[in-house]
1. When you scan segment 6-50, how many residues do you find that are part of a strand (DSSP E or B) and either within 19 Å of Pro144 (Cβ to Cβ) or in contact with a Cys (Cβ under 6 Å, 6 or more places away or on another chain) (or both)?
2. Every residue in segment 194-206 that is closer than 15 Å to Thr99 by Cα and either touching a helix residue (DSSP H, G or I) at 6+ places or on another chain (Cβ under 6 Å) or among the aromatic types (Phe, Trp, Tyr) (or both), please.
3. Quick check on my filter: what residues within segment 140-185 are in a strand (DSSP E or B) and of a type in the set (D, E, K, R)?
4. Which members of segment 209-260 meet the condition of being within 30 Å of Leu25 (Cα to Cα), not in a loop (DSSP other than H, G, I, E, B) and not β-branched (Val, Ile, Thr)?
5. Could you tell me which residue of segment 9-39 is farthest from Ala68 (Cα to Cα), considering only residues that are at pLDDT 75 or above and surrounded by fewer than 12 Cβ atoms within 10 Å (Cβ to Cβ)?
6. Could you please let me know if Ala71 is more than 14 Å from Ile3 (Cα to Cα) and of a type outside the set (S, T, N, Q)?
7. Inspect segment 89-96 for any residue being free of Cβ contacts under 8 Å to residues at least 24 places away in the same chain and at negative phi and give the result as yes or no.
8. Which pairs have Cβ atoms under 8 Å, sit 6 or more apart or on different chains, and link a residue in segment 172-187 that is more than 21 Å from Gly127 (Cβ to Cβ) to one that is polar (S, T, N, Q)?
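The values are calculated or read from the model by the stated rules, or taken from the named source; none is laboratory data. Note that the structure is predicted; figures quoted are calculated from it, not measured. Here the Cβ positions follow ideal geometry from the backbone for every residue, glycine too, while neighbour counts run over all protein chains shown.
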Amino acid sequence: MKIVVLAKQVPDTWSDRKIDLESGLLDRAASDPVPDEINERALENALLVKDSTNDAEVVALTMGPEDANKALRKLLSMGADSAVLVKDPALTGSDMVQTSRVLAAAIDKIGNVDVVLAGNEATDGRGGMVPAMIAEILGWPVLPGLDELAITANEVSGRAQVDGGTLRLSSACPAVISVTEKTAEARFPNFKGIMAAKKKPLETWSLADLGIQAGPDTASVRSVMVSATARPPKQAGPKITDDGTAAAQLADFLISNHLV
C-alpha cells in the first residue's frame, strides 16, 4: 500500500502573521516557517497503518518554495519513507484550484497511490477545499473531515461530525481523505528518526517534470488585489476609577456602546 500525505509549510501559528501590503499575499518572511500541525496528524494516521503492516509506504508531498524542504525533513524524521517538493517560480501566488492541479499531477507522477491523506484545512488560508478538488481531478472518492478513520488494503472508512448528527463513510481505494484535529496525536521525532531523515530521498520537481502548466498566469479566472492598508493600531479603552460611581459608569459605557 502506498499512502501520500499532503503537507504544507505555514508561518508559525504562535507568531504575529502579517499581510504583504504590496502583493496582498501572506508575508511568509515575517515569521518562522513550520510544518502545519494538522498535516502532522494526517501523517500519524499513515504511520499507524505502516506500524501495523510491513508493506505500507508513506510519501510526504508539498508544493512551495525551496525552504519548504525543511517541513518535509521533519515529516521524514517522524517516519515518512520519502518526500517530494514541487517548486516553480510560476506557482507563486497560486490559489486552491492551481494548487490542486499541481498536487494531483504530482500524485499521478508518484504512481500506484492507494490513499491520499491531508488535513481538513491549513492554518494560514483555512480554505479547506484542496483535498476535495484533488479528488475531483483524479476522479477518486473523497472522505472529508474525518474525526476517526480506518485504512485497510482495499478500503478506507471513518466518522465525520456534521450538523445534527454523525456520518459514517467508507470507500474502496484509491481515495482521498482529510482529517480533523480530533484524529491521532502526532508523534515526536526521536534522535534516530532525525538522523535517518537526512538519508531518506527528497525529490524536487518542477512544472516541466510534471508536464503541466499551472499557476496564476494560466488560470482562466483569478482575483486581483486592488489595494491593501495596514490594520489600525488598537486604541486603549476608557479606564474607570472606583470613586463610588464605578457601577454607574460601567453601566453607562455598556449602554452607550449597545452592549446591553
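1. 1
2. Listed by number, the list holds a single entry, Trp205.
3. Matches in segment 140-185: Asp147, Glu148, Glu155, Arg159, Arg168.
4. Asp209, Leu210, Pro216, Asp217
5. Glu22
6. Yes, satisfied.
7. yes
8. Between residues of segment 172-187 that are more than 21 Å from Gly127 (Cβ to Cβ) and residues that are polar (S, T, N, Q), the close pairs are Ala172/Asn154; Cys173/Asn154; Ala184/Asn45.
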